[in-house]
Amino acid sequence: MAAVQICEAEKVYIMHGVRDDLRVDGRGCEDYRHMEIETDVVSNTDGSARVKMGYTDILVGIKAEIGKPRPMVPDEGYLEFFVDCSANATPEFEGRGGEELGSEISSTLYKVFSNRNSLDMKALCIAPGEHCWVLYVDVLLLQCDGNLLDATSVAIKAALFSTRIPKVHISEDEEGTKELELSDDPYDCMRLEVEDVPCIVTLCKIGHRHVVDATLQEKACSMASLLISVTRKGTVTCIRKVGGGSLDPESIFEMTETGKRVGKALHAPLMKLLQEEEMLGKKKQKVGFLG
C-alpha cells in the first residue's frame, strides 16, 4: 500500500494531536474528510460511481452478465470483484506494484459480501440451477491518500444503487428448451435493495487512541488497524486486523464499538444523498472529470 515517510517530530506532533482529539487537519478522531459522490459516470456500464474522500479518488463500474449459479447456492447470483491500481495514484503502483494491493482489497470485499446480511443474492437468480445474474464489480484506484477500503465500500454501495438490470422473460419451445429474452425497455429493469449493503470503517490505533479515515501521514504513525464492515442497523458483517502491530482485547472492543457507531451513522446521509441525486434525473450536473 502507498506509504509516506515522516520524521519523529512529525509523529510526535500527530500523536499528541490525536491524544487531544484534534488532528492535523482540524478533524476529531471520529470524523471523516469531505466526501464527494457521483453516480452514473461511466456510460457503458449498468451502474457506476465515483467517490472522492480527501485526495483519495475511487471509480467503480458494474456490469451485469448472465451466468450459471454456483452448485452450493443454485438459487442465488453472485458478485465478482476486480481491483486495478492506477499508476497515476502513486509511483509504487507502476508495473506490477499495485497487484498485491488489488488482490488484498478484492479478498476483503469477497469476505464482506459473503455475509448474507450484505445483499439479497436471491434477487439475482433467473432460473434456479440454470441461470443467474453475475455482477462484475470493477474498482479503479485513481488517487491514493489513505483509507482506500472505506472509500471503496462507499463507491460500491453507490454504484449498486445506480445499477439497473434488464428484466428477463423466460419462454419454452415445443421441446421444452428454455429461452431467455432481455427487455429492451430501459425502464423495464430491476433495481437492487442496497440499504443493507455494508460500509467499511477502518480504525487506526495511534498511541492510546484510534482514528477514523486516517491520512497517509496518520497511517505512518499507526502500527495496527481494525477493519469493520457495518450495515445500517449496526450489524457487523466482517472484522479484520491489518498491520504488523498488536491490539489488546480492550482496544479491539473499543474500536469495534466505535466502528459500529460511525458506520451506522454513515448510512443514513449516504442513502439520502443518493436518492436526492437520482430525483434530479437529467438535471443532475456532472462534476467529475468524466462530466
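The values are calculated or read from the model by the stated rules, or taken from the named source; none is laboratory data. Here the structure is a predicted model, which means the values were calculated and not measured. Counting neighbours? That spans all protein chains shown, and the Cβs are built from the backbone with ideal geometry, glycine included. Ligands, DNA and RNA are excluded from the accessible area calculation, which covers all protein heavy atoms including side chains. Shrake-Rupley method; radii C 1.70, N 1.55, O 1.52, S 1.80 Å.
Each of SER107 and GLU278 was given a label point 7 Å from its Cα along the Cα-to-Cβ line. The distance between the two points is 3.5 nm.
First measure r as the distance between the Cβ atoms of VAL73 and ASP20, then evaluate 1/(1 + (r/R0)^6) with R0 = 41 Å and state the FRET efficiency to the nearest 0.05. The calculated FRET efficiency here is 0.25. Our helix-only sum for the chain, with -39,500 (n - 2.57) per DSSP H run of n ≥ 4 divided by its residues, gives a mean residue ellipticity at 222 nm of -9000 deg cm²/dmol. When the C-alpha to C-alpha distance is required to be over 30 Å, the pairs from LYS68/LYS157; LYS68/LYS111; LYS205/LYS233; LYS122/LYS219; LYS111/LYS272; LYS167/LYS260 that qualify are LYS122/LYS219; LYS167/LYS260. A straight chain from HIS34 to GLU99 at 0.36 nm per residue would run longer than the Cα-Cα distance by 20.6 nm.
Loop sites here are chymotrypsin sites (Phe, Trp or Tyr not before Pro) outside DSSP states H, G, I, E and B with no more than 16 other Cβ atoms within 10 Å. The longest part of the chain free of them is 56-186.
Applying a DSSP loop filter and a limit of 15 other Cβ atoms within 10 Å to the GluC sites (Glu not before Pro) in region 182-222 leaves GLU193, GLU195.
Residue by residue, region 159-171 carries 3J(HN,Hα) couplings of 5, 5, 4, 8, 6, 10, 9, x, 5, 10, 10, 9, 10 Hz when phi is fed to the Karplus relation 6.51 cos²θ - 1.76 cosθ + 1.60 (θ = phi - 60°); x denotes Gly or Pro. What figure in square angstrom, to the nearest 10, would you give for the accessible area of THR215 with a 1.4 Å probe? About 20 Å², rounded to the nearest 10. Karplus-based coupling profile of region 115-130, in residue order and whole Hz: 6, 5, 7, 7, 8, 6, 5, 5, 5, 8, 7, 9, 9, x, x, 10, with θ = phi - 60° in 6.51 cos²θ - 1.76 cosθ + 1.60 and x standing for Gly or Pro. Just report the Cα centroid separation between region 113-129 and region 226-285, whole Å. Each part's Cα centre sits 22 Å from the other's.
Rolling a 1.4 Å probe over the heavy atoms of the protein chains gives the chain an accessible area of 52 Å² per residue.
Dipole magnitude for the chain: about 1020 debye, using +1 per Lys or Arg Cβ and -1 per Asp or Glu Cβ, origin at the Cα centre. Derived scalar couplings between HN and Hα for region 48-58 equal 7, 7, 10, 10, 10, 10, x, 9, 7, 10, 10 Hz in order, rounded to whole Hz, by the Karplus curve 6.51 cos²θ - 1.76 cosθ + 1.60 (θ = phi - 60°), x for Gly and Pro.
Each Cα pair under 8 Å and six or more residues apart adds its sequence gap; the mean of these over the residue count of region 148-195 is a relative contact order of 40 percent. Given (i) 20.6, 79; (ii) 20.8, 68; (iii) 32.4, 115, which label gives Rg and Dmax of the Cα atoms in Å as computed from the coordinates? Checking each listed value against the structure points to (i). For the chain, the relative contact order comes to 20 percent (Cα pairs under 8 Å, sequence separation of at least 6). Restricting region 201-264 to trypsin sites (Lys or Arg not before Pro) that sit in a DSSP loop and have at most 13 other Cβ atoms within 10 Å of their own Cβ leaves LYS233.
Report the FRET efficiency, 1/(1 + (r/R0)^6), for MET223 and ASN117, where r is their Cβ-Cβ distance and R0 is 41 Å, rounded to 0.05. Efficiency computed from Cβ-Cβ geometry: 0.85. Measuring nothing but how far apart in sequence close Cα pairs (under 8 Å, 6+ apart) lie, relative to its length, region 150-259 scores a relative contact order of 20 percent.
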